[in-house]
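Here is the structure we will look at, set down as structure tokens.
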Amino acid sequence: MTSLTDPQKDRFRLSMLLYDTRYRSATIQIIALIFFMLVAAWLISNTAQNLAALGKPIDLGFLTEPASYDINQRLLDYDSRDSHLRASFIGLLNTLVVAVLGCATATVIGVIVGVLRLSPNWLVGRLMTVYVESFRNVPVLLWIVFFMAILIETLPAPSAFRGDDPAAHMLLGDSVAITNRGVYIPEPLFSNSLGDIHLFGASPLRFDVSLDLIAILAVLGLGLWASAWIRRRADGIQEATGARPTTWYLRLGVVSVPLAVLLLMLGFHLGMPELKGFNFRGGTHMRNSLIALWLALSLYTAAFIAEIVRAGILAISSGQTEAAAALGLRPRRIMSLVILPQALRVIVPPLISQYLNLTKNSSLAIAVGYMDITGTLGGITMNQTGRELECVLMLMMIYLIISLSISAVMNWYNESVKLRER
Amino acid sequence: MRKSVFLGALTVAGLAAAAAAAGTVDDVKARGKLNCGVATGVPGFAAPDANGEWEGFDVAVCRAVAAAVLGDPKAVEFVPTTGKTRFTALASGEIDMLARNTTWTFSRDVDLKFEFVGVNYYDGQGFMVPKALGVSSAKELDGATVCIQTGTTTELNLADFFRVNNMSYEPVPIETNAEAQQQYLAGACDVYTTDASGLAATRATFENSADHILLPEIISKEPLAPLVRHGDSEWGDIVRWTLNALIAAEEYGVTSTNIGELSAGTDNPEINRLLGTEGKLGEMLGLDADWAKRAIMAGGNYGEIFAKNIGESTPIGLARGLNAQWKDGGLLYSPPFR
Ligand SMILES: N[C@@H](CCC(=O)N[C@@H](CS)C(=O)NCC(=O)O)C(=O)O
């Protein structure tokens, strides 16, 4: 039975795609997409044709050819007979090293400076302002080159450590040498090493993981977990009885004793750098290219992070501070228990983009001869093979993947500090 | 996001399109200037003087080509290039030719698609160390820190040399000669290695040049040659024969001082053909009859250019050695002008 008020069943007509608001936006989007794909296809085929005309069709075969050049900072085994792909991989690890070191340092400095900049102490506040403004307003490339120049020009060459009456001396009981080629520090060695696991066989991406390191991390992790368990138990007792048992020695013990036993078993000792021939040998060599890049990137980015932190703190109303003070909390605890946890919600999203910036800025590494992925794949490999398009596209892909991964991790973290609305 | 992908692809396509273009002579003539890629600064080879005028052994080749094509040795736009940027600059059409201590190798010629027009300096890779280091042979360099320019044959030869001799080293990759010099002088590297001519040129600028020595080993062949892009043979011919004209001029005793006299006509037909008083060589190249005369007048013949910029009377003090005329026991040998 039909009633008069029932709406007429609309029959679909083609013109509705354009005139009916229900379909119109979809229609426009589909047309735009088709148009975009046509243009993209034309560009790609045009590029491919031109490259073919030049006699340089896209071809990734060069990646398996021997690279024929050496890389100074290698986290994994590499020599000049390895392939371009391997060289790029070594470069990628170098990029990741400086990015991780940089992000961590920049965050620590940024948070401290951001908080101090709000300090009621006039001098401290002003000093931080000077730092932030000078680093923010000078291009990071100049800072990188500047730090490198300082390291090279002011520090002694290894030869200054030689002779009966050397001009320079090693520090900390002859264990650290600071030279204009970098800093040499003692390296951890294990006389009963557990060896390495070799991942990915003999492929260009082969990767050695030290079992010693895994064992240490595992023991440390367990220790920390046990320590956290003791703390939670103490919390429980405090809530039930009002008295908190003293646990610091227990917590220290569960972390340090197993670790010490493990290190003893592995035969842990330090390998000291020693002047031999032209250079120091032994120990860990932190090249000045790494130090200059790391310092410049982290100090530069820290200036931006400091501003973000300051903005985050200022976004929390002063009523919170006053309320916390009225409860009898001391200023430091107000900051760490009340203000910062709330400010994090404001701070984290812009912080992500600072991490991305730092990682992308690390591609300036070649200015100081740091062999990152841009220096290997986008530098020597590209130059020696003449495969510009392939190398640049691969480079873009790699940075894209790194950036997206950082974003994903940070977004996940952001989710976890977000205000839980009920 | 969409927009940036789009623009990126557009640039790539544009680059590729520019590289495929031919007709360089016409472009140069229409522009009225020759774009010539040179080093960023190697005294004696390519460096601006106190007045900002570029001069040097490589620069002289650019000037000779400009004189031959445009009639004015000053009609050159010098584009400083590093070891890494030079090939992109040439391939993309930013420069018309490259004269920058560039070694002629198979892969650059065949795979990178360039055309080397002939060798203007026969060189080899050497090592420079401070005398105080007490090293007298490159075989004693195990464990040394070595400064090298990236994007060069140097870094490849170096890797091979140390590998073959079972020695280790620490490479310090550097973009330009000036930075390498700074690091070397500050002691950030023990050794500087590049073409022996470049080492001599660099050493000549040191305050205490006597404190540095070149080690006896020459570990490679480095035929340094001007080059152009593949695929434009007319332009390649012009640059090639301009270089040959400079070399032949020395062989036949044509100098910048006697050229006026000789171009009135001589009884040596080869000189006459070179200077355009006989035959139609200029026309065949698409230039006028005086092209070679102007090229030689720009800076003198090969021998004069050598003596003025890097020869034994200059601070750089290079002997002719392999770069003497074939008649004097060297390798310079211009094909006949006929
Ligand atoms: N001949 C080698 C090396 C050329 C090279 O880079 N030489 C240095 C030192 S002579 C140079 O020309 N540097 C110029 C600059 O730094 O601008 C090659 O073609 O790869």
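Would you mention how many residues in region B:186-203 are within 12 Å of the ligand (Cβ to nearest atom) and out of contact with any His (no Cβ under 7 Å at 6 or more places or on another chain)? Outline the logic, then answer.
Taking region B:186-203 first, the residues within 12 Å of the ligand (Cβ to nearest atom) are B:192-203.
With out of contact with any His (no Cβ under 7 Å at 6 or more places or on another chain) added as a condition, the list becomes B:192-202.
Residues meeting the conditions: 11.
In summary, B:GLN183 fulfils each of the numbered conditions (1) more than 10 Å from the ligand (Cβ to nearest atom); (2) without any contact (Cβ under 8 Å) to a residue 24 or more places away in the chain with the single exception of condition (2).
Considering B:ALA64, B:ALA68, B:ALA75, B:ALA132, which residue is surrounded by fewer than 20 Cβ atoms within 10 Å (Cβ to Cβ) and closer than 15 Å to B:GLY299 by Cα?
Exactly one residue qualifies, and that residue is B:ALA75.
Identify all residues within region A:140-173 that are charged (D, E, K, R) and touching a residue at least 40 places away in the same chain (Cβ under 8 Å); write none if there are none. Lay out the reasoning, then the answer.
Step one: of region A:140-173, the residues charged (D, E, K, R) are A:153, A:162, A:164-165.
A:ARG162 - this is the single residue of region A:140-173 that is charged (D, E, K, R) and touching a residue at least 40 places away in the same chain (Cβ under 8 Å).
Taking region A:391-419 as the range and being more than 13 Å from the chain's Cα centre (by Cα) and not aliphatic (A, V, I, L, M) as the test, the residues that pass are A:CYS391, A:ASN411, A:TRP412, A:TYR413, A:ASN414, A:GLU415, A:SER416, A:LYS418.
Taking the options B:ALA292, B:ALA210, B:ALA245, name whichever one is outside the structural domain of B:ALA68 (by TED's automatic domain parsing), more than 16 Å from the ligand (Cβ to nearest atom) and in a helix (DSSP H, G or I).
Numbers: B:ALA292 fails: outside the structural domain of B:ALA68 (by TED's automatic domain parsing); B:ALA245 fails: outside the structural domain of B:ALA68 (by TED's automatic domain parsing).
B:ALA210 is the lone residue from the list that is outside the structural domain of B:ALA68 (by TED's automatic domain parsing), more than 16 Å from the ligand (Cβ to nearest atom) and in a helix (DSSP H, G or I).
Note on region B:151-170: residues that are surrounded by 23 or more Cβ atoms within 10 Å (Cβ to Cβ), closer than 24 Å to A:ALA149 by Cα and more than 8 Å from the ligand (Cβ to nearest atom) total 2.
Out of curiosity, is B:PHE87 within 15 Å of the ligand (Cβ to nearest atom) and under 12 Å from the mean Cα position of the chain (by Cα)? Can you show your working first?
Working: within 15 Å of the ligand (Cβ to nearest atom): yes; under 12 Å from the mean Cα position of the chain (by Cα): no.
When the stated conditions are applied, B:PHE87 does not pass them.
Of the residues making up region A:157-176, those that are away from chain B (no Cβ under 14 Å) and either under 19 Å from B:GLN183 (Cα atoms) or in contact with a strand residue (DSSP E or B) (Cβ under 6 Å, 6 or more places away or on another chain) (or both) are A:MET170, A:VAL176.
Annotation: B:MET128 fulfils all but one of (1) within 14 Å of another protein chain (Cβ to nearest Cβ); (2) in contact with a His (Cβ under 8 Å, 6 or more places away or on another chain); the unmet one is (1).
The test for being surrounded by 18 or more Cβ atoms within 10 Å (Cβ to Cβ), more than 14 Å from every other protein chain (Cβ to nearest Cβ) and touching a Leu at 6+ places or on another chain (Cβ under 9 Å) does not hold for A:ALA365.
Whether any residue in region B:91-103 is more than 29 Å from B:VAL191 (Cα to Cα), hydroxyl-bearing (Ser, Thr, Tyr) and either buried (at least 21 other Cβ atoms within 10 Å of the Cβ) or away from the ligand (no atom under 11 Å from the Cβ) (or both) is what I want to check. Yes - at least one qualifying residue is present in region B:91-103. Against the conditions (1) within 29 Å of A:ALA367 (Cβ to Cβ); (2) more than 8 Å from chain A (Cβ to nearest Cβ), B:LEU112 satisfies every one except (2). Scanning region A:370-422 for residues that are assigned to a loop (DSSP other than H, G, I, E, B), closer than 20 Å to B:THR88 by Cβ and more than 10 Å from chain B (Cβ to nearest Cβ) yields a single hit, A:ASP372.
Here A:ILE71 fulfils each of the conditions (1) β-branched (Val, Ile, Thr); (2) in contact with a Ser or Thr (Cβ under 8 Å, 6 or more places away or on another chain); (3) under 19 Å from A:ARG387 (Cα atoms); (4) facing chain B (nearest Cβ under 9 Å) apart from (3).
Of all the listed residues (A:VAL100, A:VAL115), the sole one being surrounded by fewer than 20 Cβ atoms within 10 Å (Cβ to Cβ), free of Cβ contacts under 8 Å to residues at least 24 places away in the same chain and assigned to a helix (DSSP H, G or I) is A:VAL100. For region B:223-254, a residue qualifies if it is within 20 Å of B:MET297 (Cα to Cα) and either touching a Ser or Thr at 6+ places or on another chain (Cβ under 6 Å) or without any contact (Cβ under 8 Å) to a residue 40 or more places away in the chain (or both), and the qualifying residues are B:ASN244, B:ILE247, B:ALA248, B:TYR252, B:GLY253.
Is it fair to say B:SER220 is within 14 Å of chain A (Cβ to nearest Cβ), within 16 Å of the ligand (Cβ to nearest atom) and either in a helix (DSSP H, G or I) or within 30 Å of B:LEU133 (Cβ to Cβ) (or both)? Criteria met by B:SER220.
Among the residues of region B:163-175, the one identified as outside any strand (DSSP E or B), in contact with a strand residue (DSSP E or B) (Cβ under 9 Å, 6 or more places away or on another chain) and within 8 Å of chain A (Cβ to nearest Cβ) is B:GLU175.
Any chance you could count how many residues in region B:104-117 are of a type outside the set (Asp, Glu), under 13 Å from B:PRO223 (Cα atoms) and surrounded by fewer than 21 Cβ atoms within 10 Å (Cβ to Cβ)?
In the first step, residues of region B:104-117 are kept if they are of a type outside the set (Asp, Glu); the result is B:104-108, B:110, B:112-114, B:116-117.
Of the ones still in play, those that are also under 13 Å from B:PRO223 (Cα atoms) are B:104-106, B:108, B:116-117.
Those still in the list that are surrounded by fewer than 21 Cβ atoms within 10 Å (Cβ to Cβ) too: B:104-106, B:108.
Number of matching residues: 4.
Scanning region B:38-54 for residues that are near the ligand (Cβ under 10 Å from one of its atoms) and either without any contact (Cβ under 8 Å) to a residue 24 or more places away in the chain or not in a loop (DSSP other than H, G, I, E, B) (or both) gives B:VAL38, B:ALA39, B:VAL42, B:ALA46, B:ALA47.
Please indicate, with yes or no, whether at least one residue in region B:135-142 is more than 10 Å from the ligand (Cβ to nearest atom) and surrounded by 21 or more Cβ atoms within 10 Å (Cβ to Cβ).
As a first pass, look at region B:135-142 and keep what is more than 10 Å from the ligand (Cβ to nearest atom): B:135-142.
Still in the list and also surrounded by 21 or more Cβ atoms within 10 Å (Cβ to Cβ): B:138, B:141.
The answer is yes; a qualifying residue exists.
The values are calculated or read from the model by the stated rules, or taken from the named source; none is laboratory data. It should be emphasised that the depicted structure is a prediction, and the values quoted were computed from it without experimental measurement. Positions of Cβ are generated from backbone atoms using ideal geometry, with glycine treated the same way; all protein chains shown enter the neighbour counts.
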